[in-house]
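The values are calculated or read from the model by the stated rules, or taken from the named source; none is laboratory data. What you see is a predicted model, and the numbers here were worked out from it, not measured in a lab. We place every Cβ from the backbone using ideal geometry, glycine too, and count neighbours over all the protein chains shown. The area values use the complete protein model at the heavy-atom level, side chains included, leaving out ligands, DNA and RNA. Shrake-Rupley method; radii C 1.70, N 1.55, O 1.52, S 1.80 Å.
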Amino acid sequence: YLGGRRGDNNADEGRTLDNASGSTRRNGGSYGGLGAIGSAGGTVNDLYGDPANPLLLGSGGGSDGGSAGSGGGRLQVTAAKILLDGSIMADGGAGSTYAGGGSGGSLRLVTGDLSGTGQIRADGGSGASQSGGGGGGRVAVFFPAGDFDPANISATGGGGSKSGDAGSVVIEAAP
């Protein structure tokens, strides 16, 4: 969802679930983790979604200056085998002047074998000066075999004057 004052969203509030008004002022967007409050007060949108079945978009940050970061996207992959030496990302966008970061989005991977040295992440975007970072998104990875390092899977909160909270990471054998 769009951040405040970004794209077709001319409002200060970021957009959240069902395209409703969400985080205000200089605050980060929330999805799996809460966005951080910036220096001007206000509110952040509520957490939403299912940690084991992440299928929703991330929320945009709020603004009282420049364009806030938009929420991360969503991706769902089902494959017999995944060799990942690059990155799969649904990160939130960074906020500009006096604008919060967007929350991370959703990643759901189901595979029989996951290997490689790449990264899987739905991290929150950074807030700008005096602004809060976006909360982490939601990641669920289901794989019974492979040598993929779980340390390369993240949904961390974005930085800023205060950092957003971490989102959710679920790692299990394939359902």
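Overview of results
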| read-out | value |
| --- | --- |
| Residue satisfying condition, being free of Cβ contacts under 8 Å to residues at least 24 places away in the same chain and farther than 29 Å from A145 by Cα, within set N27, N9, N19 | N19 |
| Count - residues of the stretch 83-98 that are without any contact (Cβ under 8 Å) to a residue 40 or more places away in the chain, among the hydrophobic types (A, V, I, L, M, F, W, C) and under 13 Å from I153 (Cβ atoms) | 2 |
| Failed condition for I37, given (1) within 30 Å of D149 (Cβ to Cβ); (2) touching a residue at least 40 places away in the same chain (Cβ under 8 Å); (3) open to solvent by 40 Å² or more (accessible area, probe 1.4 Å) | (1) |
| Selection count where residues are open to solvent by 70 Å² or more (accessible area, probe 1.4 Å) and of a type in the set (D, E, K, R), scope the stretch 82-102 | 1 |
